[in-house]
Amino acid sequence: MKLNIEYKVKGAGWAEVSISDGTRSVDAAVSYMHDSLSELAEMALSIKSGHRESKVVFMDEPGELQFLVKVVGEEARYELRWYKHWASLGMGSESKYEVELKGRCPASRIIHQITNVLWEIYDGVGEAGYKKLWCQHEFPARLYHELKNT
């Protein structure tokens, strides 16, 4: 399946993430309450450096979407879980979730998609523009450049 990841900064403290397998798409609002963009960059670097498991949290108000990846060989197995509460902060059970999407793709596909997300924000909004819109967190420039240059 073909995994696609989009992440768009929408306004003061809000973004939208869309993750699709080419057939089905999961869209979620993302709050400034959590530094999801940095976690995405860390996920790509983690996969690139050979780590087997990684997770990104996209917080909404309330609830959260978790993007979990497990790498086996060259293949990545991913799952999107929706929690009604902030499970990552202990405000709900980690075992109470709905699987919104799951599939497999080359691990390199996830790295490429995340790198593209970062490039689009860096090129379109810029570091200063991101900070102005996102308020609480800086654009993960160091992680982006490290990912881009490795």
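Summary of computed values
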| read-out | value |
| --- | --- |
| 222 nm mean residue ellipticity, helices alone, for the chain (DSSP H n ≥ 4; -39,500 (n - 2.57); rounded to 500) | -10000 deg cm²/dmol |
| Pairwise centroid distance, computed over Cα atoms, of the range 1-35 with the range 93-150, Å | 10 |
| Separation of the Asn149 and Glu61 label points, Cα + 7 Å toward Cβ, nm | 3.7 |
| Lysines whose Cα lies under 29 Å from that of Lys2, excluding same-chain neighbours fewer than 8 positions away | Lys10, Lys48, Lys55, Lys70, Lys84, Lys96, Lys102, Lys148 |
| Pairwise FRET efficiency - Ser108 versus Lys131, Cβ, R0 = 35 Å, nearest 0.05 | 0.70 |
| Cα-Cα P(r), the chain, percent of pairs per 10 Å interval | 11, 43, 37, 8, 0 |
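All of the numbers you see were taken from the coordinates with simple rules; none came from a lab. Note that the structure is predicted; figures quoted are calculated from it, not measured. Neighbour counts run over all protein chains shown; Cβ positions are idealised from the backbone, glycine included.
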